[in-house]
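Engineer: One structure, pasted below without further comment.
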Amino acid sequence: MKLLRTDKIETNLYELEIRVEGEEWKAGIDRSFRKNSGKLSIPGFRKGKAPRAMVMKMVGEDYFYEDAVNMTYSDAYEAALDEAKLTPVDRADVELKEVGREGYTFVARVTTQPEVTLGEYKGLEGVRPDSAVTPEEIQGELDRMADRNSRLLDVDDRPAQDGDTTEIDFEGFLDGEPFPGGKGEKYTLVLGSNQFIPGFEEKIVGHSAGEEFEIAVTFPEEYHEESLKGKETTFKIKLHSIKKKEIPALDDEFAKDVSEFDTLEELKADLTAKMQEQKNAAADEELENSLVDAAAANAQMEIPPVMVERKINEMVQNFEYRLQSQGLNLPTYLQYAGMEMSAFREGFTAQAEQQVRVALTLEAIVKAEAIEAEEEAIEAEYQKMAESYGIDVEKVKGVVSAQSIADNLKFNKAIDLIKTTAKVTDAPKEAEEKKEEAPAKPKTTRKRKPKAEEAKEEPKTEE
C-alpha cells in the first residue's frame with residue numbers, strides 16, 4: 001500500500017489517495033482466482049481443474065480484478081488511516097480511479113473524529129444539591145403506599161364522581177355513523193385520569209350504575225386521526241358499574257400489613273433512611289453531571305453531523321426497545337402521539353449532541369492525562385458482569401471486548417479527576433430557602449427588614 005496523498009477538504013473531512021500494487025495486488029488476484037476459477041467452464045477441463053495460464057488466456061486476468069479489489073482495499077484503507085493518523089467516525093466514500101495488471105488506485109473520502117481543544121476541567125466550581133429528606137416526601141411515599149394497598153368498593157347509593165373507577169361500554173358516532181376505533185366493551189375507566197379526549201370523562205360524572213345515555217364531545221384539533229380532528233361526535237354509553245377507592249388509614253396496623261415493622265414510626269424511619277440514600281446518590285449524580293457538562297462546555301470542537309445522527313439512531317433504538325418491553329411499537333406510539341418520525345428524531349438532537357460532546361471531552365482528558373486502565377481492573381469488571389448476569393466469565397469476554405471495558409474505566413477515571421479537583425459547595429437547605437423567601441415581619445417602627453437575597457438556582461443538567 002502506498003498513501004499517495006492526504007488532503008483536508010474541510011473541517012473533519014479528508015481525502016486519501018491510495019495505491020495497491022506489487023505483492024499485495026498479486027496476492028489479491030491469487031485469492032480471487034481461487035474463489036472464482038471453479039465457477040468457470042473451460043473446454044476440455046472439469047470446473048476448477050484447468051491450468052491457471054489456460055484460464056487467464058480464456059477469460060483474461062481482468063475477470064478477477066473486481067474481487068481482488070474487494071479483497072484488498074479494506075486492509076489498504078486501514079493501513080492508510082494509520083499512516084495518516086486519522087480516526088474515522090463513519091464509513092468512507094470510496095471511488096476506484098484505475099485498475100490494471102500492475103495494481104489499482106482508489107480515493108477514500110472520510111469523516112474524521114474532531115480535534116478537541118480542552119478548556120478548564122480542573123478546579124471547576126460546582127454546587128451539590130440539597131439532599132435532605134423532607135417530612136412532605138416521607139408523607140408522600142406513605143400516601144403512595146396506602147394508595148397501592150387500597151381496595152375498590154362497589155358504589156350503588158350515588159352517581160359517579162371524579163376519582164371513581166367505572167366499567168363502561170361505549171360507541172362513537174360521526175354524522176350518525178360509527179367510526180373505526182370508537183367502540184369498547186366493559187372498558188375500565190378511572191374518571192379524572194384523562195385517558196380519553198377532553199370532555200368525555202367529565203360527562204360520565206353524575207350518572208349512576210346501570211344507566212344508558214349519550215354524550216357529545218369534540219375531538220381536539222391536534223388529534224392524530226385526520227378524519228376526527230376538530231369534529232363533533234356522539235358517544236353512546238352504558239355505565240355498568242361504579243367503584244370507589246378505599247384507602248387504609250396510616251397507623252400501626254397499616255405498617256404491620258405492608259412491612260416487617262410493628263409501628264408506623266418504625267416504617268417512617270426505614271423509609272427515611274432509604275430515601276436519604278437515594279437522594280444522596282441523586283445529588284452526587286447531578287453534581288457529577290454538572291461538572292462534566294461544564295468541562296465539555298469549556299472545550300472547543302466542531303462535531304461532525306454524522307456523529308450526532310449516529311447517537312440519535314442509538315437513542316431512538318433504545319426508546320423502541322423500551323416500548324417493545326411494554327408491548328408497544330414505535331409506529332403505533334408515533335401515531336397516537338400525532339408525531340412524524342422526523343420531528344420525533346429532532347427531539348433527541350440537543351441531548352445527542354451533548355452526549356457526543358461529553359464523550360469527546362472525556363476522551364481528550366484521557367489522552368491529555370495519559371490515563372490508563374489496569375488489567376486487574378478490566379478483569380474485575382468482567383467478573384462483576386459475570387456475577388450480575390449469572391453466566392460464566394468467559395462467555396462475557398466473548399461478547400464484551402476488553403477495549404470497551406478499558407475505555408469505560410478510563411472515562412470514569414477522567415470523571416473522577418474532574419470531581420476530585422472541583423471546588424464544591426452545598427446548596428442551601430430547602431428549609432433555609434423557604435425561610436429566606438418568606439416576607440420579613442415588620443418591626444414596631446415603620447421600617448422593615450430588607451428581604452433576604454434569593455437563593456441562586458441550582459445548576460441543571462440534561463440526562
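The values are calculated or read from the model by the stated rules, or taken from the named source; none is laboratory data. Here the structure is a predicted model, which means the values were calculated and not measured. Because the Cβ atoms are built from the backbone with ideal geometry, glycine has one as well, and the counts that use them run over all protein chains shown. With ligands, DNA and RNA removed, areas are computed over all heavy atoms of the protein, side chains included. Shrake-Rupley method; radii C 1.70, N 1.55, O 1.52, S 1.80 Å.
Engineer: Can you find a residue that is touching a strand residue (DSSP E or B) at 6+ places or on another chain (Cβ under 6 Å) and either of a type in the set (Gly, Ala, Ser) or closer than 29 Å to Arg158 by Cα (or both) anywhere in the range 246-260?
Structural biologist: yes
Engineer: In the range 225-235, what residues are under 23 Å from Glu185 (Cα atoms), open to solvent by less than 60 Å² (accessible area, probe 1.4 Å) and either in a loop (DSSP other than H, G, I, E, B) or touching a residue at least 60 places away in the same chain (Cβ under 8 Å) (or both)?
Structural biologist: Selection gives Thr233, Thr234, Phe235.
Engineer: Also: Only one residue in Glu214, Glu222, Glu201 is loosely packed, with under 15 Cβ neighbours inside 10 Å, in contact (Cβ under 8 Å) with a residue 12 or more places away in the chain and not in a strand (DSSP E or B), so which one is that?
Structural biologist: Unique residue meeting the criteria: Glu222.
Engineer: In this structure, is Asp143 in contact with a strand residue (DSSP E or B) (Cβ under 8 Å, 6 or more places away or on another chain), part of a helix (DSSP H, G or I) and of a type outside the set (Lys, Arg)? Lay out the reasoning, then the answer.
Structural biologist: Numbers: in contact with a strand residue (DSSP E or B) (Cβ under 8 Å, 6 or more places away or on another chain): no; part of a helix (DSSP H, G or I): yes; of a type outside the set (Lys, Arg): yes.
No, not satisfied.
Engineer: Moving on. Could you tell me which residue of the range 336-358 is most open to solvent (accessible area, probe 1.4 Å), considering only residues that are out of contact with any Asp or Glu (no Cβ under 7 Å at 6 or more places or on another chain) and assigned to a loop (DSSP other than H, G, I, E, B)?
Structural biologist: Among residues in the range 336-358 that are out of contact with any Asp or Glu (no Cβ under 7 Å at 6 or more places or on another chain) and assigned to a loop (DSSP other than H, G, I, E, B), the one most open to solvent (accessible area, probe 1.4 Å) is Glu340.
Engineer: Still on this structure, I have one more. Any residue at all in the range 85-98 that is assigned to a helix (DSSP H, G or I) and within 46 Å of the chain's Cα centre (by Cα)? Steps first, please.
Structural biologist: Looking only at the range 85-98, we keep the residues that are assigned to a helix (DSSP H, G or I), and these are none.
No, because not a single residue in the range 85-98 is assigned to a helix (DSSP H, G or I) and within 46 Å of the chain's Cα centre (by Cα).
Engineer: If a residue must be among the hydrophobic types (A, V, I, L, M, F, W, C), open to solvent by 30 Å² or more (accessible area, probe 1.4 Å) and touching a strand residue (DSSP E or B) at 6+ places or on another chain (Cβ under 6 Å), how many such residues does the range 93-109 contain?
Structural biologist: 2
Engineer: Run down Glu83, Glu98 and say which single residue is over 30 Å from Leu287 (Cα atoms) and at pLDDT below 95.
Structural biologist: Glu98
Engineer: Can you pull out every residue in the range 74-92 that is open to solvent by 40 Å² or more (accessible area, probe 1.4 Å), closer than 16 Å to Phe106 by Cβ and in contact with a strand residue (DSSP E or B) (Cβ under 6 Å, 6 or more places away or on another chain)?
Structural biologist: Of everything in the range 74-92, those that are open to solvent by 40 Å² or more (accessible area, probe 1.4 Å), closer than 16 Å to Phe106 by Cβ and in contact with a strand residue (DSSP E or B) (Cβ under 6 Å, 6 or more places away or on another chain) turn out to be Glu83, Pro88.
Residues are listed down the side, and each one gets a yes or a no for (1) open to solvent by less than 50 Å² (accessible area, probe 1.4 Å); (2) part of a helix (DSSP H, G or I):
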{"site": "Arg19", "(1), (2)": "yes, no"}
{"site": "Arg31", "(1), (2)": "no, yes"}
{"site": "Ser37", "(1), (2)": "yes, yes"}
{"site": "Ser41", "(1), (2)": "no, no"}
{"site": "Arg46", "(1), (2)": "no, no"}
{"site": "Phe64", "(1), (2)": "yes, yes"}
{"site": "Ala68", "(1), (2)": "yes, yes"}
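Engineer: I would also like to ask the following. Kindly list, by first and then second residue, each pair from a residue in the range 236-264 that is closer than 30 Å to Gly182 by Cβ to a residue that is in a helix (DSSP H, G or I) and open to solvent by less than 80 Å² (accessible area, probe 1.4 Å), limited to pairs with Cβ atoms under 9 Å and residues at least 6 apart or on different chains.
Structural biologist: Lys245/Asp147
Engineer: Only one of Phe213, Phe235 is within 23 Å of Gly338 (Cα to Cα), at pLDDT 95 or above and in contact with a strand residue (DSSP E or B) (Cβ under 6 Å, 6 or more places away or on another chain). Can you tell me which? Steps first, answer last, please.
Structural biologist: Details: Phe213 fails: within 23 Å of Gly338 (Cα to Cα).
Sole residue among the options that is within 23 Å of Gly338 (Cα to Cα), at pLDDT 95 or above and in contact with a strand residue (DSSP E or B) (Cβ under 6 Å, 6 or more places away or on another chain): Phe235.
Engineer: Of everything in the range 359-372, what is open to solvent by less than 70 Å² (accessible area, probe 1.4 Å) and not in a loop (DSSP other than H, G, I, E, B)? Give them in sequence order. Spell out the reasoning first.
Structural biologist: Let us first name the residues in the range 359-372 that are open to solvent by less than 70 Å² (accessible area, probe 1.4 Å), namely 359-362, 364-366, 368-369, 371.
Ala359, Leu360, Thr361, Leu362, Ala364, Ile365, Val366, Ala368 - these are the residues of the range 359-372 that are open to solvent by less than 70 Å² (accessible area, probe 1.4 Å) and not in a loop (DSSP other than H, G, I, E, B).
Condition check ((1) open to solvent by 50 Å² or more (accessible area, probe 1.4 Å); (2) at pLDDT 95 or above; (3) not small (Gly, Ala, Ser)) across all residues:
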site	(1), (2), (3)
Glu374	yes, yes, yes
Glu379	yes, yes, yes
Tyr389	yes, no, yes
Val399	yes, no, yes
Ile405	no, yes, yes
Leu409	no, yes, yes
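Engineer: Restrict the check to the range 171-193 and report whether at least one residue is surrounded by 15 or more Cβ atoms within 10 Å (Cβ to Cβ) and polar (S, T, N, Q).
Structural biologist: No.
Engineer: Still on this structure, I have one more. Filter the range 387-406 for residues that are more than 27 Å from Val366 (Cα to Cα) and of a type outside the set (D, E, K, R) and give the result.
Structural biologist: Answer for the range 387-406, where residues must be more than 27 Å from Val366 (Cα to Cα) and of a type outside the set (D, E, K, R): Ser388, Tyr389, Gly390, Ile391, Val393.
Engineer: Okay, next question. Identify, please: which residue in the range 316-335 is among the aromatic types (Phe, Trp, Tyr) and more than 19 Å from Glu222 (Cβ to Cβ) and is, among those, surrounded by the most Cβ atoms within 10 Å (Cβ to Cβ)?
Structural biologist: Phe319
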